[in-house]
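Structure, as C-alpha cells:
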Amino acid sequence: MPRNAAVPWDGKPERLDIILLAAISLSGIYALALLPLTPSLIGTHPVLLELIRGSMTAMVTMGAMSRIGDASIVVAVLAAIPGLMLFDWLYWWAGKRWGKRVIDLFLGNHPKAAKRTDQLERLIARFGWIAVVIAYFQPVPNPLIYAAAGWTGMRLWVFIVLDLIGSLLWIGLCVGLGYAIGQSAVDVAKGISHYALYLTIALVVVVFARQAWVANRRQSREPRPD
C-alpha cells in the first residue's frame, strides 16, 4: 500500500472499519479539545486533569502536592491511569484489524514517516512485547507501538497488562519528580492557573499556527502538475 494511502483497508470498508476509524479520529479531537483546559486546571484541579487527560504536568503537580500534604500519593498515581490508557486499546485494535497498513494511516505524508517506520520495526524486532512497557521511554510515538502489538498477534488482555505496567512506570516517574520538587512545583502550577486565560489563548494560537505550518509544508512537498 502506498505511503500516502487514505485508508488502511482493501476494497469496500465494513461498518466496523468505519466505526474504528471514527473512534480514532475522535480520540485526536478529544485530546485537542482538552488542551486549552490544562492551564486553568493545573493549579486548581490537577487530579481532574489527570483523570481526563493523563497530563504529565498534572502528575508532577499532584506529586508535589502529596509532598506538602495537600494530596494523597495513592490518588496521585491511580488518578492518572484512566487518562493515560483511555484510547490505547483503539490503536491495538487498529493494528489487529488492519495489520501493518495502519502505519500508513497514522503517519501519512509525515516528513519522518520512513524514519519512524524503521525505528518501529527495529524496536519491535529487538524488544518484542517489552516495547509496550517502555513505550513512554523511547522515540517512536506510542500509538505506533500499540498498533504494532495488535498486528503482531498480541492478545488484548496481555496488551492491557503490559500497557498498565508501562503507564505505572511513567506515572511513577512523573509523580516522583513532583514529590522531589515539592512546594516549588505547586507554586508554579498555581501561577499558571492564575494566568490561565492568557496561556489558553497562547496555546490555541500555537496549535493553529503549527497546523497551518504542517499543511503548508505538505502542500509544498506535493508534486505540481506540469
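Below, the figures for the structure above:
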item: For segment 24-38, Karplus couplings with θ = phi - 60° (6.51, -1.76, 1.60), whole Hz, Gly/Pro x; result: 5, 5, 5, 5, x, 5, 4, 5, 5, 5, 7, 4, x, 6, 4
item: In order through segment 144-157: 3J(HN,Hα) via Karplus (6.51 cos²θ - 1.76 cosθ + 1.60), integer Hz, x for Gly, Pro; result: 5, 5, 5, 5, 4, 4, x, 6, 8, x, 5, 5, 4, 5
item: Per-pair calculated FRET efficiency, R0 = 45 Å: LEU177 and LEU16 via Cβ, rounded to 0.05; result: 0.65
item: Distance between modelled label sites at VAL74 and ALA31, nm, 7 Å Cα→Cβ extension; result: 3.2
item: Proportion of all alpha-carbon pairs of segment 61-138 beyond 14 Å (%); result: 74
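Read the figures in this text as sums done on the coordinates, not as results from a lab. Nothing here was measured: the structure is a model prediction, and the numbers come from that model. All Cβ positions, even for glycine, are placed from backbone atoms using ideal geometry, and neighbour counts span all protein chains on display.
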